[in-house]
1. Which residue pairs have Cβ atoms closer than 7 Å, lie 6 or more positions apart in sequence or on different chains, and pair a first residue in segment 260-275 that is free of Cβ contacts under 8 Å to residues at least 12 places away in the same chain with a second residue that is loosely packed, with under 13 Cβ neighbours inside 10 Å?
2. Considering only segment 136-146, I want to know if a residue exists there that is closer than 27 Å to PHE372 by Cβ, in contact with a Phe, Trp or Tyr (Cβ under 6 Å, 6 or more places away or on another chain) and within 16 Å of the ligand (Cβ to nearest atom).
3. Please indicate, with yes or no, whether at least one residue in segment 181-189 is touching a Phe, Trp or Tyr at 6+ places or on another chain (Cβ under 6 Å) and either closer than 25 Å to GLY361 by Cα or away from the ligand (no atom under 16 Å from the Cβ) (or both).
4. When you go through (1) out of contact with any strand residue (DSSP E or B) (no Cβ under 6 Å at 6 or more places or on another chain); (2) outside any helix (DSSP H, G or I); (3) under 16 Å from ASN175 (Cβ atoms) one by one for LEU309, which number turns out not to apply?
5. Output yes when any residue across segment 373-392 is surrounded by fewer than 23 Cβ atoms within 10 Å (Cβ to Cβ), part of a helix (DSSP H, G or I), at pLDDT 95 or above and of a type in the set (A, V, I, L, M), and no when none is.
6. Among the residues of segment 367-383, is any aliphatic (A, V, I, L, M) and either without any contact (Cβ under 8 Å) to a residue 12 or more places away in the chain or in contact with a helix residue (DSSP H, G or I) (Cβ under 7 Å, 6 or more places away or on another chain) (or both)?
7. Looking at segment 114-142, I want the residues that are within 23 Å of HIS362 (Cβ to Cβ) and in a strand (DSSP E or B) and have a partner that is among the polar types (S, T, N, Q) and modelled with pLDDT of 95 or more with Cβ atoms under 7 Å, at least 6 apart or on another chain. Which pairs are those?
Amino acid sequence: MSLNIEEIRELFPVLHQQVHGNPLVYFDNAATTQKPKAVLDALCGYYERDNSNIHRGAHTLADRATRYYEKTRKSIRDFIGAKEEAEIIFTKGTTESINLVASTYGRKYISEGDEILISTMEHHSNIVPWQILCEEKKANLKVIPINEAGELLCEEFEKMISEKTKLVSIVHASNALGSINPVKEIIKKAHEFGAKVLVDGAQSTSHLNIDVQDLDCDFLAFSAHKLYGPTGLGVLYGKRKVLEEMPPYQGGGEMIKEVSFEKTTFNEIPYKFEAGTPNIADVIAFQKALEFINNIGKKEIKKHEDDLLSYANSAFTEIKGFIPVGTAKEKVSVLSFNINGMHPFDVGMMLDAKGIAVRTGHHCTQPLMKWFGIEGTVRASFSVYNTKQEIDLMAASLAKIAKIKNK
Ligand code: PMP
């Protein structure tokens, strides 16, 4: 079955606009995806009909809002194959999910001389929380190397892991290169040494089928806004046993069972980690984003995106001065590159003048850019609503831009 992309595009109001007199071509999906109308309607609908604080209310609106809120939690459980809803914690985003683990699990279980493993291709949000923790605990942060294609060197990982390793925190798919890491194998190996594994799923959850029970990861972090959902909302999945043993993240309402001035007892998971009034509207609206994905199916989405990626690869390779960055065999639909002799930002600005939205710079992966010996890249990232015609438009513009320096 092939997807009807025109029909899908109709669901996204934002796509139907001109930028600098040209039809918008939105290729910045790795930064954030656009939102279908159903998500926008659900956001407004909540405030128009159901606005109320959740969980403790005795009235109809509170009951309705609570049911919708918890329905999304159930849908996320199904979406990632978790055993139970209690293992799904709402956060602000991938960044907060990782910070939550660093400041609760990390503070409790990491001690002097312990090791935490990450990789060369991590996003800053999967580097800095561990650096802060390691400094506090006098633990060591070790970095798994990659090859020129931007693939993880698994043999090196196997040499690095030891009884000292307490945690491996690894990106599933790189936002800067698109490389997909063999996380299942990494998790299996890490568990042999008793280490826990956090998977940064910010870029993988929108493209790949995720089954946390099959992967056997201890934690999975991701953001709703990269999954056609609202900004300011993320998820931390954790195995029940691990979450139960972790201290709470923030103190406040909702996360308690009983408070006295002498002692407080904490709520059950997941509420133990959800202090204060949560992001109710965005959680409720996220349900519609998940329904959008489920209606099409991840397999179909991936197939379409793979098709776009290989089409763009062939089209851009023809352009004189085109230098791809990250050529891993297994990739999500991210195409990072440079144009010989040109600064990525200038290329991005010239594309924007034609209505083409790409990201330029270090993509919050400065150590990775340093490893490649570059300042940054131009990044085109494709989503289910993109088309080959849009890639043709970009290829034509890019060819003209590249000619400035590559005659
Ligand atoms: N990890 C990866 C791989 C990402 O791509 C991103 C977002 N660019 C993040 C973490 C952080 O996500 P957020 O900003 O939504 O917290």
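The values are calculated or read from the model by the stated rules, or taken from the named source; none is laboratory data. The model shown is predicted, which means the values in this text are computed figures rather than measured ones. Every residue, glycine as well, gets a Cβ built from its backbone with ideal geometry; the counts of neighbours run over all protein chains shown.
1. THR265/LYS257; THR265/GLU258
2. Yes, there is a match, as at least one residue in segment 136-146 is closer than 27 Å to PHE372 by Cβ, in contact with a Phe, Trp or Tyr (Cβ under 6 Å, 6 or more places away or on another chain) and within 16 Å of the ligand (Cβ to nearest atom).
3. Initially, segment 181-189 is screened for residues touching a Phe, Trp or Tyr at 6+ places or on another chain (Cβ under 6 Å), giving none.
The answer is no; no qualifying residue exists.
4. (2)
5. Scanning segment 373-392, I find no residue that is surrounded by fewer than 23 Cβ atoms within 10 Å (Cβ to Cβ), part of a helix (DSSP H, G or I), at pLDDT 95 or above and of a type in the set (A, V, I, L, M), so the answer is no.
6. We begin by selecting, within segment 367-383, every residue aliphatic (A, V, I, L, M); these are 368-369, 374, 378, 380.
With either without any contact (Cβ under 8 Å) to a residue 12 or more places away in the chain or in contact with a helix residue (DSSP H, G or I) (Cβ under 7 Å, 6 or more places away or on another chain) (or both) added as a condition, the list becomes 378, 380.
Taking every residue of segment 367-383 in turn, at least one turns out to be aliphatic (A, V, I, L, M) and either without any contact (Cβ under 8 Å) to a residue 12 or more places away in the chain or in contact with a helix residue (DSSP H, G or I) (Cβ under 7 Å, 6 or more places away or on another chain) (or both).
7. What qualifies is ILE116/SER169; LEU117/THR165; ILE118/ASN126; ILE118/SER169; LEU141/GLN131.
Conditions tested, residue by residue: (1) in a helix (DSSP H, G or I); (2) β-branched (Val, Ile, Thr); (3) away from the ligand (no atom under 16 Å from the Cβ); (4) under 21 Å from HIS363 (Cα atoms).
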| residue | (1), (2), (3), (4) |
| --- | --- |
| TYR46 | yes, no, yes, no |
| ARG56 | no, no, yes, no |
| LYS71 | yes, no, yes, no |
| ASP78 | yes, no, yes, no |
| LYS83 | no, no, yes, no |
| ILE89 | no, yes, no, no |
| LYS108 | yes, no, yes, no |
| GLU112 | no, no, yes, no |
